[in-house]
Each structure stands twice: as C-alpha cells, then as structure tokens.
Amino acid sequence: MSVKRVLAILLCIGMLPAMSACSFRIQSVDSLMRAPKLTGVNQLTEQTLEKSVGGDIILKIPLTGRYASAFVYNDLDGDGNEECVAFYASKTDSDAVHMNLLAQDNGQWYSVCDAVGSGSDVGAVAFADVDGDGVSEIIVTWSIAESKESRFLTLYGKYNKNDGVVALMNEKFTATHTLDVNRDGKDEIFIASLETVNNAYVAYGKLFAYNDGTGAIELVSVANLDPAVTSYLQIVDDTDGGICRLYIDGVVSQTHISTQIVEIPADSMILRLPLPEDREFSNLTLRTGRLCCADIDNDGRIEVPGYEELSAGEVLDRDNGVAEGLRMTVWKQYRGGMLTAVRRYIESPDGDYSFTLPADVIGTVTAVYDVKNGRLRFYTLSPDHQKNHMLFYIEKGVFVADEEETALTGGIIYRDESSIYSAVLTALGSAAGVELDRIRACFDKA
C-alpha cells in the first residue's frame, strides 16, 4: 500500500462522537424534511416500525461508524436470522430518540420492544461479544446536541424474544474502543473521558469486562489520562508478550496532537501507564497535523508517527531561495519502554510521492527539494552536517541523456497511466554504488 493511501486512512478527523442512553433534543433540521421511502428489506422494516410506533416519526441515522442507516441488521440471538435495530424520534416528542428492536417470524417482521436512548442523536452502532458465547451484544453511543461532553455509551444485553433487550451499562464517555485483552473470546470495553472541573480538563480511562459469576459487565480498572488533551481522534491497540497496548491519539491544540500509551496486562486487566508520573511519552509523540497511529507494515504492531528535521535538508522556492527546512516523517514502535524508529521517509512538498530513507543512510545523506524544477536532490552529508556532493535526483518525466552531461545516467523508477518518474545519477552517485533498483524500492507514489 502506498504511503499516501496509508496517510489518507490515518488522517483522522474524528472519532466515535457519541454513545449514550436516552433523552435528547432533536435538532431543528430533522423537522424540515423526511427521508424518501425505503425499498427492499428496509421498506418492510420501516413499515413494521411505523405500524408499531406510528408514522409521525423522524428516522435517526448514526452520525459516525460503520452503519450509515437508521436500520441496522445483525443476528442477535444466534439462530441464523437477522434482527434489526431501528432508530427514530417522534415529531411530537423530539426530546427522546428511541431504539426499536424488530425480529422475524416466518418471514414476517414484528416489533419486539422499544427503548428510549440517551441523547438527541445516535452517535454510532457497533456489536461486541462481551460474554464469549458467540452471539453479539449491541453497543449504541448517543450524543446530545451542542455538547462535547454529554455523550453516553449503552451496552444492551442478549436479545430475548419475550423481553427484548436490557441495558447492561450506560456510561458517560468521550471516546471508546472495544478489544479482547486476554484473547479469551470475550470483548472488553475501554472508554476515555474528558470532563471539565473548575474550568480545567480531567481525563481518565476505564476498562469494563464481563463477570461470569454475576453475569454483569463490571468496571475492572481506572487510570488517569493526559489532561492536556482536549478531544480524542482515535484509539487503536496491539498485543505483545501478553500485554495489550492502547494508543490514544488526542488533540492538544489547534495545531498539535499527541499519543498516550496505556498498557493492559492480560493476567491482571489493570490499566497502567508506562511512565505514570510524567508526560514524557505525550511530549515525545507531540506533532503537528492530524496524522494518527497505525500498523503501517501490517506486522500486527502499531506505529506512532512523528516528524524530524532532515539535517541540512531544504525546500527551495521558485527563485531558489530557501523556503523552509525539509522534514522526515518518522514512524516508531514502542519497544522495551522506548519508542524506536522503524521507518523514515521524505514526502514531496506537493504530496505526489514519498521516498523512504533506509536506516543505513541516516546521518550520511541529506536532500533538497527544488520546487522550480520539481526535483528531489540527494547529497552526501559532511561530518559537520553540511550539504556536500550530489548523488542523484528524482524528477517527473523520462530521463534523456544529454551529450553535454555525459556523467549523468538514469532510468525510469515508476510509471503508471498518468505519470512517469526517473532517477538521475551523478558520476559520484554511480561510483558510490547507488543503484536504480534500490531507488525504485524506496520510491512510493501517492
């Protein structure tokens, strides 16, 4: 996968905005129009819903998440047939959004139960198997209009044809993540919460797990989180040596984000911070932009992004003046209490391509991007960190040998239907052993 595609996935602009339990103020836009009538299975479930609750309703579509419909289908009792959860609000009682559970009997849909939610909108809908029986429970997040803090997560228990569903937990939250910490087939629920106390943020994380003895979802552990964060972008996880790690990307300011790491040992299920007494990790991961953590090489381990200035690196403007320094994007893994770089690359200022810097050349080469000519030039780096001799450059187009520049050699390193890129080697670059094949391996088109 190209780095650009990875970045497109990673540039997170939002997280699950809501999870709650019941009673909300509907925004006025809902009363302005009604969605067109649905077709197919959705039409049958909508007709069943209206027959049960009346037709004077507004369908509520989840604001984020996988499901972009007011009708969400899943097998909730393990019988091989899908049930449906439908979300709506009454036009005459717009302070409450409802979840109605619909089931089938011999192909005929009917309403099983109706529950009032905890917000003016449905944030997201998800499914998790918290008790490990192979059948999913329902997770719904709710939000209240114009409130960043008043969000709730509701976990509904097993579907029963007679009783419908019962809420097992209803927690205030800011961001949430579901994971199986100890790989026992039972999902745990982690929530991160930001609250304002005396005009200051208080941040904490909670881990909930199912108790086989009581048959209830219970709070297992609580930990303080970074209070400098004002909102969350995403939470992802990986596992290494019996320890599950959460990587929580949070907004620190309008221009910066950071990542906080929370560890959860599988044997104790107790939340812990690698460095609980200070904010070292958050400071180490502080970065501009909105580039979030990800598994960039598909090895099952999460990498944390950041930026480093390339020593003597420059971006030249069209008048060959130094516009700015040239920086590297650096992806690091958390290993043995440290963040260790596993990949560094330079991205062209126009975002058209990137070039990975192998570990064995770090500190020995630098680069200059020439905006006027569209060239990324690579130079040797002197011991005193000064730009020295040019090795090669990358440019768009086909390299054509010039009789007056016989010392230059080159070839195509990338071609697709719309563009061609070439690498041009100097005599010094060729003598130093720079090879087109290695340049091709480091080049990544967006």
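The values are calculated or read from the model by the stated rules, or taken from the named source; none is laboratory data. Treat the numbers as computed from the prediction; the structure is a model and nothing was measured. For neighbour counting, all protein chains shown are included, and Cβ atoms are generated from backbone atoms with ideal geometry for every residue, glycine included. Side chains included, ligands, DNA and RNA excluded: accessible areas come from the protein's heavy atoms. Shrake-Rupley method; radii C 1.70, N 1.55, O 1.52, S 1.80 Å.
Give me the percent relative contact order of the chain, please, defined on Cα pairs under 8 angstrom at least 6 residues apart.
Details: 1081 pairs, mean separation 43.5, N = 446.
Computed over the chain, the figure is 10 percent.
Can you give the local net charge around residue 288? Use residues other than it whose beta-carbon is closer than 15 angstrom to its beta-carbon, Lys and Arg +1, Asp and Glu -1.
That sum, taken over residues with Cβ under 15 Å, equals -2.
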### Summary
So for the chain, using the alpha carbon gyration tensor with a ≥ b ≥ c as root eigenvalues (a/c under 1.5 gives rounded; past that, a/b versus b/c decides prolate or oblate), I'd call it prolate
## Note on the structure
Note, the range 441-446: 3J(HN,Hα) by Karplus (6.51, -1.76, 1.60, θ = phi - 60°), whole Hz, Gly/Pro = x, goes 5, 8, 7, 9, 6, 5
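Considering only the other residues whose Cβ falls under 9 Å of the Cβ of residue 302, what net charge follows from Lys and Arg at +1 and Asp and Glu at -1?
Once positives and negatives cancel, what remains is -2.
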### Message
Can you list residues from other chains, or at least 5 along the same chain, whose modelled amide H is less than 5 Å from the amide H of residue 446?
### Response
353, 354
## Note on the structure
When every protein chain stays in place and a 1.4 Å probe is rolled, 92, 178, 214 sorted by accessible area with the largest first are 92, 214, 178
## Note on the structure
Counting only protein heavy atoms with a 1.4 Å probe and every protein chain in place, the carbon and sulfur fraction of the accessible surface of the chain in whole percent equals 48 percent
## Note on the structure
The answer for the net charge of residues other than residue 164 whose Cβ lies under 14 angstrom from its Cβ, with Lys and Arg +1 and Asp and Glu -1, is -3
#### Entry: Helix-only [θ]222 nm of the chain, DSSP H runs n ≥ 4, -39500 (n - 2.57) each, per residue, nearest 500
-2500 deg cm²/dmol
#### Entry: Paired Rg and Dmax values of the range 96-209, which use every Cα atom, in angstrom
15.9, 58
### Accessible area (Å², per residue) of the chain, counting only protein heavy atoms and a probe of 1.4 Å
47 Å²
### Query
To the nearest 10 degrees, how steeply does helix 40-53 sit against the main Cα axis of the chain, on a 0 to 90 scale?
40 degrees
### Query
Can you work out ³J(HN,Hα) from phi for every residue in the range 335-349, in order, using Karplus 6.51 cos²θ - 1.76 cosθ + 1.60 and θ = phi - 60°, giving whole Hz and x for Gly and Pro?
9, x, x, 9, 9, 10, 5, 10, 7, 10, 8, 9, 9, 4, x
